[in-house]
1. Looking at the range 7-28, is at least one residue of a type in the set (Val, Ile, Thr) and surrounded by 11 or more Cβ atoms within 10 Å (Cβ to Cβ)?
2. Out of the range 45-91, which residues are within 23 Å of Asn2 (Cβ to Cβ) and of a type in the set (Gly, Ala, Ser)?
3. Only one residue in Ala57, Ala65 is among the hydrophobic types (A, V, I, L, M, F, W, C) and either touching a Cys at 6+ places or on another chain (Cβ under 7 Å) or in contact (Cβ under 8 Å) with a residue 40 or more places away in the chain (or both). Which one?
4. For the range 52-61, how many residues are surrounded by 12 or more Cβ atoms within 10 Å (Cβ to Cβ) and assigned to a helix (DSSP H, G or I)?
5. Could you tell me how many of the residues in the range 29-51 are assigned to a helix (DSSP H, G or I) and surrounded by 10 or more Cβ atoms within 10 Å (Cβ to Cβ)?
6. Can you confirm whether the range 62-77 contains a residue that is out of contact with any strand residue (DSSP E or B) (no Cβ under 6 Å at 6 or more places or on another chain), loosely packed, with under 10 Cβ neighbours inside 10 Å, of a type in the set (Gly, Ala, Ser) and modelled with pLDDT under 85?
7. For the range 78-88, name all the residues that are surrounded by fewer than 11 Cβ atoms within 10 Å (Cβ to Cβ) and of a type in the set (D, E, K, R).
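The values are calculated or read from the model by the stated rules, or taken from the named source; none is laboratory data. Quick caveat, the model's predicted, so the values are computed rather than measured. Glycine gets a Cβ as well: all are built from the backbone with ideal geometry, and neighbour counts include every protein chain shown.
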Amino acid sequence: MNLLSGNFEFPSLIVIDDEEFWSRYGGRVEANWESAGLRQYSSLDGDLLGELVRDVAWSNEGLFALLQGLRRLGQIGRERVSLPPIEWEVR
């Protein structure tokens, strides 16, 4: 629960471990109206993911969820992931 806004937030990471998924079903995946600006990123493009992480438009909780998801993806999908180092820093 976000104590500032009072909203319930459920970040999630969905991993589909199927080499043929995007070629077979990629054209059928549709976003709902709330994600009109949906963008796709390859987990193999470390430079682009680095730019995404440094984007100033992130909310604190959104950036935390993204970094946790990327960290976990790096743990479970080693050969399919090229991520910049993710290090936690307390300020």
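1. Kept after step one, since they are of a type in the set (Val, Ile, Thr), are these residues of the range 7-28: 14-16.
Right, trim to surrounded by 11 or more Cβ atoms within 10 Å (Cβ to Cβ) and you get 15.
Yes: the range 7-28 contains one or more residues that are of a type in the set (Val, Ile, Thr) and surrounded by 11 or more Cβ atoms within 10 Å (Cβ to Cβ).
2. Ala57, Ser59, Gly62, Ala65, Gly69
3. After applying the criteria, what remains is Ala65.
4. From the range 52-61, those surrounded by 12 or more Cβ atoms within 10 Å (Cβ to Cβ) are 52-53, 58-59, 61; that's our starting set.
Applying the additional criterion that residues be assigned to a helix (DSSP H, G or I) yields 52-53, 61.
Qualifying residue count for the region: 3.
5. Here is the first cut: in the range 29-51, the residues assigned to a helix (DSSP H, G or I) are 33-35, 46-51.
Checking which are surrounded by 10 or more Cβ atoms within 10 Å (Cβ to Cβ) leaves us with 46, 48-51.
Total meeting the criteria: 5.
6. The first filter runs over the range 62-77 and keeps only residues out of contact with any strand residue (DSSP E or B) (no Cβ under 6 Å at 6 or more places or on another chain), leaving 62-77.
Narrowing the set further to residues that are loosely packed, with under 10 Cβ neighbours inside 10 Å leaves 75.
If we keep only those that are of a type in the set (Gly, Ala, Ser) too, we end up with none.
No, every residue in the range 62-77 fails to be out of contact with any strand residue (DSSP E or B) (no Cβ under 6 Å at 6 or more places or on another chain), loosely packed, with under 10 Cβ neighbours inside 10 Å, of a type in the set (Gly, Ala, Ser) and modelled with pLDDT under 85.
7. Arg78, Glu79, Glu87
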